[in-house]
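Since the structure comes first, as structure tokens, the remarks are kept for the end.
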Amino acid sequence: MLRGGWRAAPLWGTYQRGIHVFSMQPARTCCLDLDTFFVSVERLLNPALVGQPVVVGAATGLRGVVTAASYEVRAFGVRSGMPIREARALAPHAIYLDTRHGVYGPYAARVKPILERYTPVVRTASIDEFFLDFGGCESLYRVPTDVDGCATIERTVRAMRQAIQDEVGLPASAGIGTNRAIAKMASGAAKPAGVLMVRAGSEPAFVLPLPVRKFPGIGPVTEEKMKASGILTLGQLLQASSAETERFRRMVDAVQACVDGVTDDGDGPERPAFLEHDPAGARMGSLSNERTFGNERNQAVIEHWLLALCERVCWRARKRSIMARTFTLKLRYSDFETITRARTRAATHHEREVFDVIRGLFRENWVAGRAVRLVGVQLSNLEAAGPPPPPPPNPNQTTSRPAGGTAIDKVRGRFGYDAIRVGATTAGRER
């Protein structure tokens, strides 16, 4: 479905210290969410559950939490993450099922190739949530009856959503906006099984009436603090007193950026706005991160981002307590020619060793000066991480173990991912 001549428009703008520097971009970021995913899979396996109040999480006993709840049982107040004991008190009549590990992943894996038929930039946020970039796709999908580019994209996303329903049997909802936060909130508003586009310029009308809890990043603790200050909606948050504004400064700035239609500058494009789905110990499949450019020809810049991607996937691997044997480079040029190259070696989850392999693959396969649209790094052939090697017997003896990983992870665990970073590459020289 992808053809020559595709030119995707950049989706990035800037937002810093309350100052907005951006040009108006159309709504082209899509968040697709598989509705009540675990319940939907269980209904595929047992059609008798369709239309019934279903809770996935624990069939026996009162321990555990709700993994997913059907819409029929949500009417009684049952929500994902709620303790099973509380769910049973609210909805004793519901059908309770144990979570079946290993059953759901293959269904989610069948969804991503469908999404990639519609756009080459698809990022997995969790097992049931994906972010897609439709920038520049209007010319691919436009038909004479489309009134404008936004109508083209909305119609295309509806077709994509229907394809998932027809080919996999899973219902999905999608939101489209100028940035990921808008798209995510729109996907929630589109449930069940709908599509909602928030056009550029209409963000205030959509965002301001929403409850504060709807904004990505505002959790139950922050919500209660805001409620205690009389702040119930995102509009009230932006109209709060100066004292309350300072108290919630980070969220005020983020919401204001959404209202202003600021396009994503990301959290660093190698670090997704929403955390990846990385269950501890999981060794199936692969780990990957990607970085999209406009059209980048500078080798040092490209290798800088390859290092950042290696850092991200290695951090994720250590969180899972796994290592990888196979390392894959994904390289997409501006004309959308895409190549992948892989190399297998001794298992590791250390940035330095992975970057050495990825950089080598890049230098072997990149045509110098040719514009690059996207790079990606993938770890596969996963295995459980073994115990760390013993320390050297004396201070003057060195080991070959790459240093820093565990200590870096401890700092990030306390202060966040960006609290400490691996030095970037500059003009071919590592710092």
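The values are calculated or read from the model by the stated rules, or taken from the named source; none is laboratory data. Computed from a predicted structure; not experimentally measured. Cβ placement follows ideal geometry from the backbone for every residue including glycine, while neighbour counts extend to all protein chains displayed.
Some observations on this one:
- Boolean, GLU223 is touching a strand residue (DSSP E or B) at 6+ places or on another chain (Cβ under 9 Å) and farther than 25 Å from GLU290 by Cβ: yes
- Residues in region 125-139 that are over 17 Å from THR29 (Cβ atoms) and buried (at least 16 other Cβ atoms within 10 Å of the Cβ): ILE127, ASP128.
- Boolean, ARG283 is more than 24 Å from ALA181 (Cα to Cα), outside any strand (DSSP E or B) and at pLDDT below 90: yes
- Conditions (1) in contact with a Leu (Cβ under 8 Å, 6 or more places away or on another chain); (2) not assigned by TED's automatic domain parsing to the domain that holds PHE206; number of the one not met by ARG117: (1)
- Meets criteria (in contact with a helix residue (DSSP H, G or I) (Cβ under 7 Å, 6 or more places away or on another chain), at pLDDT below 90 and under 30 Å from ARG318 (Cβ atoms)) for ALA181: no
Listed here are the residues, each with its yes/no results for (1) assigned by TED's automatic domain parsing to the domain that holds ASN365; (2) closer than 19 Å to ALA181 by Cβ; (3) modelled with pLDDT of 90 or more.
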{"position": "PRO211", "(1), (2), (3)": "no, yes, yes"}
{"position": "LEU238", "(1), (2), (3)": "no, yes, yes"}
{"position": "SER242", "(1), (2), (3)": "no, no, no"}
{"position": "GLU246", "(1), (2), (3)": "no, no, no"}
{"position": "ALA254", "(1), (2), (3)": "no, yes, no"}
{"position": "GLY268", "(1), (2), (3)": "no, yes, no"}
{"position": "PHE274", "(1), (2), (3)": "no, yes, no"}
{"position": "ASP278", "(1), (2), (3)": "no, no, no"}
{"position": "THR292", "(1), (2), (3)": "yes, yes, no"}
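- Residue match in region 368-379 (condition: outside any loop (DSSP other than H, G, I, E, B) and either modelled with pLDDT under 60 or surrounded by fewer than 11 Cβ atoms within 10 Å (Cβ to Cβ) (or both)): no
- Being within 21 Å of LEU132 (Cβ to Cβ), part of a helix (DSSP H, G or I) and modelled with pLDDT of 85 or more is a property that holds for VAL313.
- Selection of first residues in region 351-369 that are over 16 Å from GLN299 (Cβ atoms) and of second residues that are of a type in the set (Lys, Arg), restricted to Cβ pairs under 6 Å at least 6 apart or on distinct chains, gives the following pairs, ordered by first then second residue: VAL357/ARG343.
- Yes/no for ASP98 being of a type in the set (D, E, K, R) and either buried (at least 16 other Cβ atoms within 10 Å of the Cβ) or in the same structural domain as SER173 (by TED's automatic domain parsing) (or both): no
- Every residue from region 198-228 that is of a type outside the set (D, E, K, R), farther than 23 Å from ALA243 by Cα and assigned to a loop (DSSP other than H, G, I, E, B): VAL198, ALA200, GLY201, SER202
- Some residue of region 87-96 being at pLDDT below 90 and over 12 Å from THR36 (Cβ atoms): no
- Set GLY219, GLY194, GLY169, GLY177: member being surrounded by 21 or more Cβ atoms within 10 Å (Cβ to Cβ) and either within 30 Å of ALA108 (Cβ to Cβ) or of a type in the set (Val, Ile, Thr) (or both): GLY177
Table: residues versus (1) under 30 Å from LEU140 (Cβ atoms); (2) of a type in the set (Lys, Arg); (3) out of contact with any Phe, Trp or Tyr (no Cβ under 7 Å at 6 or more places or on another chain).
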| residue | (1), (2), (3) |
| --- | --- |
| ILE153 | yes, no, no |
| ALA174 | yes, no, yes |
| ILE182 | yes, no, yes |
| LEU210 | no, no, yes |
| ALA228 | no, no, yes |
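- Flag if ALA91 is small (Gly, Ala, Ser) and surrounded by 13 or more Cβ atoms within 10 Å (Cβ to Cβ): yes
- Every test in (1) on the phi > 0 side of the Ramachandran plot; (2) part of a helix (DSSP H, G or I) is passed by GLY136 save one, and that test is (2).
- Some residue of region 171-184 being assigned to a helix (DSSP H, G or I), touching a Leu at 6+ places or on another chain (Cβ under 8 Å) and in contact (Cβ under 8 Å) with a residue 24 or more places away in the chain: no
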